[in-house]
Amino acid sequence: MSERTFLMVKPDGVQRRLIGKIIQRIEEKGLKIVALKMIRIQRELAERHYAEHREKPFFEGLIDYITSGPVVVMVVEGKNSILVVRQMVGKTNPVEAGSGTIRGDFGLDIGRNIVHASDSLDSAIREIDLFFKQEEILDYSLVDEIWVYE
């Protein structure tokens, strides 16, 4: 069964011109991008997105950072997409993220870790709803799906 997850290329990933490399990894894995856009997150949306961190000491810095420049947000679809994308992204701290992961290959600092990916089905649903209208998410087939999935 196919599922959807949310992935964001954060301001540092955009500024370092990593958008294409990240999209390439998603596509080469066999996952399908069903929604994609570049936006500048406003403070209110950032606070809703990171609401679970509101009481933490790094919250204000996180909000300032995520609103500091453009981001690329996308909805990625595929079998076990939440787990697959999380594994592709790597641990939150790039120093602990394995080689071959997005954060392990491109990041050095936990505060500049390139991407955000949903960590659960509930988070994916919530985050997709925060950033996309239903009509922005496309339903389509790729010609190579028979070669990706049994």
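Using only alpha carbon positions, build the gyration tensor of the range 1-86, then give the equivalent ellipsoid semi-axes as the square roots of 5 times its eigenvalues, largest first, whole angstrom.
Working: eigenvalues 122, 50, 22 Å².
Semi-axis lengths for the range 1-86 are 25, 16, 10 Å.
Please work out the FRET efficiency for the pair Q42 and N93, using the Cβ-Cβ distance as r and a Förster radius of 30 Å; give the result to the nearest 0.05.
On the way: r = 28 Å, r/R0 = 0.92.
After rounding, the FRET efficiency stands at 0.60.
Describe numerically, in nm with one decimal, the distance between label points set 7 Å from Cα along Cα→Cβ at R54 and at L142.
Between R54 and L142, the label points sit 3.8 nm apart.
With the calculation restricted to Cα positions, what are the radius of gyration and Dmax of the range 82-121 in angstrom?
Cα-based Rg and Dmax for the range 82-121 come out at 9.1, 28 Å.
When we measure straight from the Cα of K91, which lysines land under 23 angstrom away, once same-chain ones fewer than 8 places off are left out?
Cα-Cα hits under 23 Å: K10, K21, K29, K32, K56, K79.
Got a sec? How would L108, L7, L45 order by Cβ neighbour count within 10 Å, fewest to most? Don't skip to the answer; put the middle values down first.
Numbers: L108 12, L7 27, L45 15.
Ranked by crowding around the Cβ, least crowded first: L108, L45, L7.
Please order Y140, Y50 by the number of other Cβ within 10 Å, starting at the fewest. Don't jump to the answer; show the numbers that get you there.
Numbers: Y140 7, Y50 16.
In increasing order of surrounding Cβ atoms, one gets Y140, Y50.
Assuming 1.306 mPa s and 10 °C, estimate D for the chain with Stokes-Einstein, Rh taken as the Kirkwood radius over Cα pairs, in µm²/s.
Numbers: Rh = 15.7 Å.
Answer from the Stokes-Einstein relation: 101 µm²/s.
How many angstrom lie between the C-alpha centres of the range 90-150 and the range 50-64?
Using only Cα atoms to place each centre, the spacing works out to 21 Å.
A short reminder: the numbers here are calculations on the coordinates, not readings from a lab. Bear in mind that the values here come from a model prediction, so they are computed numbers and not experimental data. In this analysis, Cβ positions are derived from the backbone assuming ideal geometry, glycine residues included, and neighbour counts consider all displayed protein chains.
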